[in-house]
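Undergrad: Have a look at this one before I ask anything.
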Amino acid sequence: MTHTSMLAEPVGWRRSLRHPDLFLAEFLLIALVVISSLGVFMRYVMNTPLVWTEEISGIVIVWMTFAGAVGLTRQNLHARVELLDEFLPSTSRFKAGLDILLDIVAVLFLVPVVIGGWDLIAMLSHERTPALRLPIGIQLAAIPIAGALMIAFLSAKVVRAGIALARGANP
């Protein structure tokens, strides 16, 4: 992100509305800090441990991670091996084609993640968390939901880049 594009980025609540996935990840990070701090305080200061803090922290970590992954994918900041960029021709059309190919590979990777996530939820639908007796699907649902959102963002990006490439424009 260039310096000028950072200046154009909205701040405050407008930023949260524009990036709800990253807002959710940030909110969950704050919740994780509060819940973990409460657990430590109650255990070591009050000598009365809360059994549910670890359970909620685990759920929050999973959702925070997947919400962040969706946000990074949407903003095209997801992890990517750029080794091919170094060794292949550096024309913008070629790079655009390579970006499309890599996004298609990412989608092909995410499809079994979504399917496996739903299968995992179905397989463990009878399971509950030990302390709060919450359905384990609450935690596992982050996998297929985030995967489906990432597929949607990547697919839209591939379509936009493919149209731009076909028109001869710089994607």
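The values are calculated or read from the model by the stated rules, or taken from the named source; none is laboratory data. Owing to the predicted nature of the structure, the values given are computational and were not obtained by experimental measurement. Note that each Cβ is placed from the backbone with ideal geometry, even for glycine, and that neighbours are counted across all protein chains shown. The accessibility values were calculated without ligands, DNA or RNA, using every heavy atom of the protein model including side chains. Shrake-Rupley method; radii C 1.70, N 1.55, O 1.52, S 1.80 Å.
Undergrad: Between Ala96, Ala67, Ala142, where does the largest GNM mean-square fluctuation fall for the chain, given springs only between Cα atoms within less than 10 Å?
TA: Ranking Ala96, Ala67, Ala142 by mean-square fluctuation puts Ala96 first.
Undergrad: What distance in nm separates the simple spin-label points at Ile115 and Val40, each placed 7 Å from Cα in the Cβ direction?
TA: It works out to 4.4 nm between the two label points.
Undergrad: While we're on this one: In debye to the nearest 20, how big a dipole does the chain give about its Cα centre with +1 on each Lys and Arg Cβ and -1 on each Asp and Glu Cβ?
TA: Result for the chain is approximately 460 debye, rounded to the nearest 20.
Undergrad: OK, next. State to the nearest 20 debye the size of the charge dipole of the stretch 72-171 about its Cα centre, where the only charges are +1 on K and R beta carbons and -1 on D and E beta carbons.
TA: Roughly 320 debye, rounded to the nearest 20.
Undergrad: Whenever you get a sec, compute what percent of the accessible area on the stretch 49-90 sits on carbon and sulfur atoms (1.4 Å probe).
TA: 67 percent
Undergrad: Give me the number: length gained by fully extending Arg167 to Glu82, i.e. 0.36 nm times residue separation minus the C-alpha to C-alpha distance, one decimal in nm.
TA: Gain on stretching Arg167 to Glu82: 28.0 nm.
Undergrad: Still on this model: Whole-Hz ³J(HN,Hα) for each residue in the stretch 96-103, computed from phi via Karplus 6.51 cos²θ - 1.76 cosθ + 1.60 with θ = phi - 60°, x for glycine and proline: what do you get?
TA: Values, residue by residue: 5, x, 5, 4, 4, 4, 5, 5 Hz.
Undergrad: Name the longest site-free stretch of the chain, where the excluded sites are GluC sites (Glu not before Pro) in a DSSP loop with no more than 14 other beta-carbon atoms within 10 Å.
TA: With a cap of 14 other Cβ atoms within 10 Å, the longest stretch comes to 1-81.
Undergrad: For Arg18, tell me the accessible area in Å² from a 1.4 Å probe, rounded to the nearest 10.
TA: Rounded to the nearest 10, the figure is 140 Å².
Undergrad: Below 8 Å between Cα atoms, with a sequence gap of 6+, how large is the relative contact order for the chain in percent?
TA: For the chain, the relative contact order is 23 percent.
Undergrad: To the nearest 10 square angstrom, what accessible area does His126 show with a 1.4 Å probe?
TA: 130 Å²
Undergrad: Continuing with this model, one more query. Just the accessible area per residue of the chain, please: how many Å² with a 1.4 Å probe?
TA: On a per-residue basis, 66 Å².
Undergrad: Now, a different point. Please list 3J(HN,Hα) in residue order for the stretch 66-77, calculated via the Karplus relation 6.51 cos²θ - 1.76 cosθ + 1.60 where θ = phi - 60°; whole Hz, with x for glycine and proline.
TA: Going residue by residue, I get 6, 5, x, 4, 4, x, 5, 5, 4, 8, 6, 10 Hz, with x marking Gly and Pro.
Undergrad: What residues qualify as long-range amide H neighbours of Arg128, i.e. H under 5 Å apart, gap of 5 or more or another chain, H built at 1.01 Å from N?
TA: Residues meeting the criterion, in which the H sits 1.01 Å from N, are Ile136.
Undergrad: Using helices alone, I'd like the mean residue ellipticity at 222 nm for the chain: each DSSP H run of four-plus residues gives -39500 (n - 2.57), total over residue count, nearest 500.
TA: It comes out at -23500 deg cm²/dmol, rounded to the nearest 500.
Undergrad: Still on this model: Return the FRET efficiency for the residue pair His126, Trp52: r is the Cβ-Cβ distance, R0 is 22 Å, and the value is rounded to the nearest 0.05.
TA: In this case the efficiency is close to 0.60.
Undergrad: Semi-axes of the equivalent ellipsoid of the chain: what are they in whole Å, largest first, if each equals the square root of 5 times a C-alpha gyration tensor eigenvalue?
TA: 38, 21, 13
Undergrad: Then there is this: Once ligands and nucleic acids are excluded and a 1.4 Å probe is used, how much of Val60 is accessible, expressed in Å² to the nearest 10?
TA: Roll a 1.4 Å probe over it and Val60 shows about 20 Å².
Undergrad: Give me the one-decimal nm value for the distance between modelled label points at Arg133 and Arg93, 7 Å along each residue's Cα-to-Cβ direction.
TA: Reported label-point gap for Arg133 and Arg93 is 6.6 nm.
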